[in-house]
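Here the structure is laid out as structure tokens; the discussion comes afterwards.
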Amino acid sequence: MSKRFISIWFRHLLTDWLALRRPELKAVPFVLAAPVHNRMVIIAANNLAEAQGITAGTTAADAKAVIPDLLVIDAVPGQAEKILKAAGGWCIRYSPVVAIDLPNGLIINASGCAHLWGGEEAYLQAILTALKNKGYHVRGAMASTIGAAWAMARYGSNKLIIPPADQATALLALPPIALRLESLLLERLHKLGFYTIQKIAVLPRRALQRRFGMELLLRLDQAFGHEEEHLEPLNPPEPYHVRLPFLELIRTPEAIAQAILKLLEMMCLRLRQEGKGLRSAILKGYRIDGKLVNIAIGTNRPVVHIEHLFKLFELKIPQIEPALGIELFTLDAPRVEDLSADQEALWASDGCGLNTIALSELLDRLANKLGTGSIQRYLPQERYWPEHTIRLANTLTERTEANWRIGKPRPTILLPKPERIEVTALLPDNPPMLFIYKGVRHIIRKADDAERIEREWWRDKGQHRDYYVVEDQEGRRYWLFRSGHYNSESSEWYIHGFFA
């Protein structure tokens, strides 16, 4: 697939942007100016001021002499970059690779995108028409190199699509300024009579390097495709990315569901060919009003099962607000992993085994409906302190060398941090007669003997704990402990867990 690039030139970027926010400026000539060496110098002029000969680089005083009623507005530093970033983010609906081209342009990598809009001409026209409808004066061109597209957008004829075979001819007729050269180098070329690129290109490379340096040769090579030019995209695309544009806007849940199915088919086909499975995915919808809507899903294991993935997205379709309509959907898979065997034992210490696919699909549906943090799997680890005897598993199939401790009773629910309680204790080293937790009084009817758990002295210092399994008059069972040795005045008691 040959590379194709689009250069978009915002002829009046700053003044168009300001006029959109202050409509009264559309009917008057105005400029933006900034201080340079104690003088106010114009950095941008709107089309009405430009039509009367006012251009960037003119001092505000000279411009006022030409147009007495000219409105001069202070420029905001860095505003052009902010506008271009916003415009570039909007243009991502046309290509995943969009880069800003300061001070007044965008570069779009259009390789492999034009056919989705019915061809290169329709594709470029759709982009330019959309930007013009937003209120910007723009020109654009498509070519096989960034340099050629940039040159044709600003200095070319009305021909916007440059086929690869015609690119060299089209470039040769342009002036040297179309090569994106520094102003001092352009002055030297002009003084020596080099008014077209053709006059430069016919000279020996050694002579050009000796007279004008490497910059000229580099720009020539980039424009003609002899030297590759790299882009720095606003949003680097994910390695696994698919797109689905629409000629007719998407507004209904049924149409959204069909689009998701189509995207999943494209994504899973590639993943399956590469032996990968999806672990997380993000669906983005680009609305006609310029806003972005998105939903995300996650899975417990690598998945290429389209039906299962669709069910996860289907749960979240109501969250997508199409408003006036969605014109493009994209699907990114930021996390993929190698596919594992279809069946394997899970926590199979009892020898019965489990169908991990069915289990993981159930957990996926629950997690994506209730929230990713609502379902967690824990594994044992070789620690003594109760809070540290478990850890979160990274995957559904992760295993550990440690075993669950079954010699002593442990609560079904362990609080992440013990909570203070008030107790009434009659005898030292005995469980309390009652305790108060969150304002509720619990009278203890039964209690097991104490279990002392010492701190891991090589990790931290502090008091040991004496744990008791107690049962209140309602039959509810709790895990309580006293911190340190008994002291009638300063003993502290805590609740740490609840039994089923």
Inset, instruction - Filter the range 459-500 down to the residues that are of a type in the set (Lys, Arg) and at pLDDT below 90, then identify the one that is nearest to Pro428 (Cα to Cα). - result: Lys461
Inset, instruction - With a cut-off of at least 1 residues that are of a type in the set (Val, Ile, Thr) and modelled with pLDDT of 70 or more, name the strands (runs of 3 or more DSSP E) lying wholly within the range 356-428. - result: 390-392, 413-424
Inset, instruction - Could you figure out which of (1) in a helix (DSSP H, G or I); (2) exposed (fewer than 12 other Cβ atoms within 10 Å of the Cβ); (3) in contact (Cβ under 8 Å) with a residue 40 or more places away in the chain isn't true of Glu232? - result: (1)
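Residue-by-condition table, conditions (1) out of contact with any helix residue (DSSP H, G or I) (no Cβ under 8 Å at 6 or more places or on another chain); (2) more than 22 Å from Arg139 (Cβ to Cβ); (3) at pLDDT below 95:
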{"residue": "Met1", "(1), (2), (3)": "yes, yes, yes"}
{"residue": "Asp16", "(1), (2), (3)": "yes, no, no"}
{"residue": "Arg21", "(1), (2), (3)": "yes, yes, yes"}
{"residue": "Lys26", "(1), (2), (3)": "no, no, yes"}
{"residue": "Val36", "(1), (2), (3)": "yes, yes, yes"}
{"residue": "Glu50", "(1), (2), (3)": "yes, no, yes"}
{"residue": "Gly57", "(1), (2), (3)": "yes, no, yes"}
{"residue": "Ala61", "(1), (2), (3)": "yes, yes, yes"}
{"residue": "Asp69", "(1), (2), (3)": "yes, yes, yes"}
Inset, instruction - Identify all residues within the range 132-150 that are surrounded by 20 or more Cβ atoms within 10 Å (Cβ to Cβ) and either in a helix (DSSP H, G or I) or outside the structural domain of Val97 (by TED's automatic domain parsing) (or both); write none if there are none. - result: Ile146, Gly147, Ala148, Ala149, Trp150
Inset, instruction - From Ser144, Ser111, grab the single residue that is out of contact with any helix residue (DSSP H, G or I) (no Cβ under 9 Å at 6 or more places or on another chain) and of a type in the set (S, T, N, Q). - result: Ser111
Inset, instruction - Within the range 441-492, work out how many residues are assigned to a loop (DSSP other than H, G, I, E, B) and either among the charged types (D, E, K, R) or over 19 Å from Arg420 (Cα atoms) (or both). - result: 15
Legend entry - Wholly within the range 237-328, strands (runs of 3 or more DSSP E) carrying at least 3 residues that are closer than 30 Å to Gln376 by Cβ: 276-287, 292-303
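The values are calculated or read from the model by the stated rules, or taken from the named source; none is laboratory data. The structure presented is a predicted model; accordingly, all values stated were derived computationally and were not measured. Please note: Cβ atoms are built from the backbone with ideal geometry, for glycine as well, and neighbour counts cover all protein chains shown.
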